[in-house]
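What follows is a short report on a single structure.
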Amino acid sequence: MEDTSPSKTAEIAARCEEIFTDLDFNAARKWKAGKPGRKVIGFMPFYVPRELIHAAGALPLGILGGGDQLEVIHGDAYFQSYICRIPRSTVELGISGRLDFVDGMLFPSICDVIRNLSGMWKLMFPRVAARYVDLPQNFDGEVGGEFYRSGLQELRHWLADIASHPVTDEAIRASVAVYNKSRALIRELYALRAAEPWNVPSAEVYLLLRAGLVLPVEEHNELVRTYIDAARSRDRPFKDNSRVVVSGVFCEQPPLNLIKSIELSGCYIVGDDFMLVTRWEKSDTAEDGDPIAALASAYLHNSLSTSAKYEPDAARKGAYLIESVRKNRAEGVIFAMPSFCDPALLERPMLQNALKAAGIPFIAFKYAENSGQMQPIREQAGTFADSIKLWSGE
Ligand code: SF4
């Protein structure tokens, strides 16, 4: 088949890259300026219930640090040297005025760093509403479920106050429907990448997901639909690359060049844990009945198991990663983890043990969002890809 749509996929990727590199968030600023009274609610990785923000008529804006373009001048002064970089660059974004249009900030409970940042934000930016989003670690509907349902109710009223807009059950159900569509499209995108990774480069998938943390969900849904349709008619040359799952990238983001380097080294990324907020729920959230109960139930009982989710059953540690390898027909796992990231690094030995027991090869390296030297990564990933091909026994 002739490759008829390189310009459309390239055009969408270029637009998404422009949004990704714009640390002044002009797309979100433009949305806010489009109508008086609009509000923007920022959120940190890894998960917040975006449906509630949307139901309040506000724009959920993912804040994923400063990447490798932002020089951190002030942010370093607020933290000791031995923690990850995302809180420093986020503070830098705040101090430098790049977030001056954001009306509220949400900090989900992924680690102490983010939790402490929520308190710091209140002190540093007293005019901006800031809230810690405590997510359940207990998955019993009567215990963690009750806890989360009451947390969602509080969040709903907090958002209604900021937005001066009631958050009705009806509005939440409508927002759930829009996000169900978004998650279905992203599942379709991931399935297409796993089927034809040579036609759906992970660097493009990544940029598309990142754009979804800035653009209104309705606009992003259209963009993903158009990208998938264009990618389906692509016919790029197939390469005999090794298929890998990348694990550990759910909070501080690697530089885009790191993703490209893994691909250039001879690997197809066919599974990952990038931006879990875009696909935390594995299938549709209920669009009828009590919407708060539906959101809580989806979070607890219909969610991806990853390092970002507490696994109470020790025997199940790493099972999700093995399932991802099997489902995506991957041949190995690359643990790429932010330096000093407790949730990712503390989990890794247990995940490695599970992979060893299952006979799945893996490598591991650390990064920071501003890592510059890609040659060692390329060599390591390239050697891994070669070793899979040479010694996988197939
Ligand atoms: S990178 Fe890891 S340690 Fe740092 S804020 Fe994110 S989850 Fe916490």
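The values are calculated or read from the model by the stated rules, or taken from the named source; none is laboratory data. Values in this document were obtained by computation on a predicted structure and should not be read as measured data. Quick reminder, even Gly has a Cβ in these numbers, built from the backbone with ideal geometry, and neighbours come from all protein chains shown.
Filtered by the rule that a residue be charged (D, E, K, R) and modelled with pLDDT of 95 or more, the range 240-272 gives R243, E252, K260, E263, D272. Which ones in the range 88-110 are in contact (Cβ under 8 Å) with a residue 60 or more places away in the chain and within 22 Å of L155 (Cα to Cα)? Matches in the range 88-110: L99, F101, V102, D103, G104, M105, L106, F107, P108, I110.
Got at least one residue in the range 300-308 being over 30 Å from I83 (Cβ atoms), surrounded by fewer than 17 Cβ atoms within 10 Å (Cβ to Cβ) and within 22 Å of the chain's Cα centre (by Cα)? Yes: one or more hits. Residues that are within 15 Å of L256 (Cα to Cα) and surrounded by 10 or more Cβ atoms within 10 Å (Cβ to Cβ) within the range 374-394 comprise M374, I377, R378, listed in sequence order.
Any idea which of A191, A171 is surrounded by fewer than 23 Cβ atoms within 10 Å (Cβ to Cβ), over 30 Å from R85 (Cα atoms) and without any contact (Cβ under 8 Å) to a residue 40 or more places away in the chain? Full working, then the answer.
Working: A171 fails: without any contact (Cβ under 8 Å) to a residue 40 or more places away in the chain.
Just one listed residue meets the conditions, A191.
Counting the residues of the range 189-214 that are in a helix (DSSP H, G or I) and either within 21 Å of S7 (Cα to Cα) or of a type in the set (F, W, Y) (or both) gives 14.
Mind checking which pairs have a first residue in the range 340-365 that is over 21 Å from L390 (Cβ atoms) and a second that is among the small types (G, A, S) and within 11 Å of the ligand (Cβ to nearest atom), Cβ under 7 Å, 6 or more apart or different chains? Hits for this filter: P343/S307; P343/A308; A344/G248; A344/S307; E347/S307.
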